[in-house]
Amino acid sequence: MTSGDSDGTKAAERRATLICIGGAALFIITLNVINTLTTFQDAPDIERAPVILYEATSAVAGLALIWLPWMALRRLPLNRRPLWRTLGVHALVLCAFSLLHVSGFVLLRKIAFGLVGETYDFGSWVERFPYEFRKDAFYYVIVLLCFWLLRERIIAGASPPSARPSAPGEPTTFDIRDGARLVRTSVTDILAISSAGNYAEFHLADGRKPLMRVSLASLEDQLGDHGLVRTHRSWLVNAGRVTELTPEGSGDYAVTLGGVKAPLSRRFPEALARLRGG
């Protein structure tokens, strides 16, 4: 990858950080302002100063913790497999976020009340924390999804996928952007690529299966001249790595590439001819 591509990716990462963190901050402030105004509307005679203090301390504690879901997402994007592990880690981060958030606003309220000679009682943590946790979980999930979608879109658009020779005489390489991770591989080590919704899953010779947010059609354009052949609407295979073609009836075949099996549809007769020809 050229230094220009690297600079572009870094700039996109910075832009994504500013947009996501700024958007989350605006969301927190807006949510707490709405909560305050709603309380005033529902209870016109309520004493306003404590309500404003409660919402303000909650907002400040939340603003101080925006970095937590952002860093968790950078380390572990939501498309990282296995999915159960990814979701499990984010669930642990959510628990830490909620505990820190509640502890933060309780501390701020105790300080604020102490400055005017009063005391603040949060009540029983066993009774109150589950209520606060539900609110934090709603916020965390919304923010995490928005972070992920925005970051993926911004970084994916920073520089298009491209195959390029690393140096004269060396194999052509391809950069797979799997979330924040970049996997550089030789094109000859790409056994096959399958469609996975808005992503493409690369089946590499060493067993890895990184995901990249890109269409299969775009990859076909990029890698078609390097041996990748469309055998199915959801599959590209490396013609040079095919080890077996097995008829499955009605003109369809199963393509074996090392430990990977891919379908070859009868709707792609040119691919069959290409694979038979090597």
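Within segment 240-257, the set of residues being part of a loop (DSSP other than H, G, I, E, B) and at pLDDT 90 or above comprises Val242, Thr243. Looking at Arg85, Arg80, just one residue is of a type in the set (Lys, Arg) and outside any helix (DSSP H, G or I), and that residue is Arg80. Checked against (1) at pLDDT below 80; (2) farther than 22 Å from Ala11 by Cβ; (3) in a strand (DSSP E or B), Pro168 meets all criteria but (3).
Yes or no: segment 88-107 includes at least one residue that is at pLDDT 90 or above, within 29 Å of Ile176 (Cβ to Cβ), of a type outside the set (A, V, I, L, M, F, W, C) and surrounded by fewer than 17 Cβ atoms within 10 Å (Cβ to Cβ). For segment 88-107, residues at pLDDT 90 or above, within 29 Å of Ile176 (Cβ to Cβ), of a type outside the set (A, V, I, L, M, F, W, C) and surrounded by fewer than 17 Cβ atoms within 10 Å (Cβ to Cβ): present. Of everything in segment 25-51 that is acidic (Asp, Glu) and assigned to a loop (DSSP other than H, G, I, E, B), the residue that is farthest from Gly62 (Cα to Cα) is Asp45.
Listed here are the residues, each with its yes/no results for (1) touching a Cys at 6+ places or on another chain (Cβ under 6 Å); (2) hydrophobic (A, V, I, L, M, F, W, C); (3) within 22 Å of Val255 (Cβ to Cβ).
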| residue | (1), (2), (3) |
| --- | --- |
| Ile190 | no, yes, yes |
| Ser195 | no, no, yes |
| Asn198 | no, no, no |
| Ala205 | no, yes, yes |
| Leu211 | no, yes, yes |
| Leu219 | no, yes, yes |
| Asp225 | no, no, yes |
| Leu228 | no, yes, yes |
| Arg233 | no, no, yes |
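If a residue has to be within 12 Å of Ser194 (Cβ to Cβ) and among the basic types (Lys, Arg) to count, how many in segment 210-269 make the cut? Residues meeting the conditions: 3. In the set Arg213, Arg230, which member is at pLDDT below 90, among the basic types (Lys, Arg) and not assigned by TED's automatic domain parsing to the domain that holds Leu83? Among Arg213, Arg230, only Arg213 is at pLDDT below 90, among the basic types (Lys, Arg) and not assigned by TED's automatic domain parsing to the domain that holds Leu83. Within segment 37-49, identify whether any single residue is within 23 Å of Gly23 (Cβ to Cβ) and in contact with a Lys or Arg (Cβ under 9 Å, 6 or more places away or on another chain), and answer yes or no. No, segment 37-49 has no match at all. Being in contact with a Pro (Cβ under 6 Å, 6 or more places away or on another chain), hydrophobic (A, V, I, L, M, F, W, C), within 17 Å of Val187 (Cα to Cα) and touching a residue at least 40 places away in the same chain (Cβ under 8 Å) is not true of Val237. Screening Ser265 on (1) in contact with a His (Cβ under 7 Å, 6 or more places away or on another chain); (2) under 30 Å from Met71 (Cα atoms); (3) small (Gly, Ala, Ser) shows it passes everything except condition (2). What do you reckon, is Val237 out of contact with any Phe, Trp or Tyr (no Cβ under 9 Å at 6 or more places or on another chain), assigned to a strand (DSSP E or B), outside the structural domain of Met71 (by TED's automatic domain parsing) and crowded, with 18+ Cβ neighbours inside 10 Å? Criteria met by Val237. Taken together, Ala56, Ala49 contain a single residue that is farther than 30 Å from Ile154 by Cα and either surrounded by fewer than 13 Cβ atoms within 10 Å (Cβ to Cβ) or touching a residue at least 40 places away in the same chain (Cβ under 8 Å) (or both), which is Ala49.
Residues that are on the phi < 0 side of the Ramachandran plot, among the hydrophobic types (A, V, I, L, M, F, W, C), surrounded by fewer than 22 Cβ atoms within 10 Å (Cβ to Cβ) and modelled with pLDDT under 90: does segment 202-209 have at least one? No: zero hits.
The values are calculated or read from the model by the stated rules, or taken from the named source; none is laboratory data. Remember, predicted model here, so these are calculated numbers, not experimental data. Positions of Cβ are generated from backbone atoms using ideal geometry, with glycine treated the same way; all protein chains shown enter the neighbour counts.
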